[in-house]
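Okay, so here's the structure we're looking at.
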Amino acid sequence: MTDIFVFGTLCHDRVRRIVAGQALVTRQASLPDAAVMAARATGWPVLVVAKGQAAQGLVISADAAALDRLDAYEACFGYARFPVVVEMGGTTRSVSVYRPVVDTAQALPETDGPWSLADWVRDWGAIEEWAAQEVMRQLQSAPPDAVGRRFGIIASRAQALVSTQNWRRPALLGANPPRSDVRLVAQEFPYTKFFAVEEVTLSHRQFDGRMSAPQERAVFRASDAVTVLPYDPLRDRILLIEQLRLGAYVQQDPHPWLLEPIAGMIDAGEDPQTTARREAMEEAGLTLGALHHVARYYPSPGGVAQVLHSYVAIADLPDDITGIAGHLAEGEDILSHIVPWDLACAMLAGGDMANAPLVISMQWLQLHRARLRASG
């Protein structure tokens, strides 16, 4: 057995069990002359030198199988085991602790006060449980550094799952059977990178009360996303962006550059409104005014596991606002266009608006345009 001092997220019982693949024996312990601080940008725990203080945590005892899983998980984030001496039950004990492989001041992020396990569990615990499950699945076929580079999108997908679990439709119509009326027979993950594909075999209770025969299905999984259609009520115009869309390309569309609203995936830790404002700046250099919620919806629930949040945003759209923009690190090449209202309506009627979020947002704006113009 190998004893390890853990001070952060592995102090959370359910996350630790997911990562280790089993329940581990734990004992309270402290690391002298150290403190656990919250990373400023992410809120993740960071172990720092702090003379006269003591970092509180647990000593876990891992067998060879659990140790391999723990080492691989921590390696995703650039951590490895280093020897330390902890205080435990009135005695000292030599154990190891996970720390950055390059343990220098430059390798440690800026911190912003003490890290709290209780606060982290409240804000991130459920998300990290889903994220840890995906990390451990990916580690079966990919090296830790590759999985670590994908952790942002993994956490984003995990947040999407938690968000949907916590959401309830009004259910004003429909039989609305519960989730428990679906029986999952098998589940596989044949592809998981920036996007993911899940293959499931399931049966479900039919409306006549009988269980269906097992059905094999595949689902494309993406993080939840936001779309935002900027509208200038004074000039009575909208802004659209144009970019190459691979879905249209592989569908053999002769013109796969599509006109769309601004859009982007919701990062872990963001709410949809924050994403809308961030993406507007990245994709069009726009600072948005008031956000008007259009709808929360599944774009294609028969085979796509994703929720979209669409908005119409008040924005100042002068003639010189257009240009080329995009997030260079993500390979975005985006051209923006100012569209007068009459032309926008003609484009909608003529089929030039060929994606669902734009159609939905334009129809909402047609209904509410007069009110938005009257309110300035």
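The numbers here are math on the coordinates, done by the rules we state, and not lab data. If you're wondering where the values come from, they're calculated on a predicted model, not measured in any experiment. Counting neighbours? That spans all protein chains shown, and the Cβs are built from the backbone with ideal geometry, glycine included.
Taking (1) in contact (Cβ under 8 Å) with a residue 60 or more places away in the chain; (2) of a type outside the set (S, T, N, Q); (3) closer than 18 Å to Y73 by Cα in turn, K193 satisfies each apart from (1).
Within segment 235-247, residues that are touching a residue at least 60 places away in the same chain (Cβ under 8 Å) and more than 10 Å from T322 (Cβ to Cβ) have Cβ atoms under 6 Å from residues that are of a type in the set (G, A, S) and assigned to a helix (DSSP H, G or I) in these pairs: I238/A344, counting only partners at least 6 apart in sequence or on another chain.
Considering the conditions (1) in contact (Cβ under 8 Å) with a residue 60 or more places away in the chain; (2) at positive phi, G90 is excluded by exactly one of them, (1).
Scanning segment 317-376 for residues that are among the charged types (D, E, K, R) and assigned to a helix (DSSP H, G or I) gives D319, D320, E330, D342, R369, R371, R373.
On the basis of being farther than 21 Å from M1 by Cβ and small (G, A, S), does A55 make the cut? Write out each step before concluding.
Details: farther than 21 Å from M1 by Cβ: yes; small (G, A, S): yes.
Against the criterion (farther than 21 Å from M1 by Cβ and small (G, A, S)), A55 qualifies.
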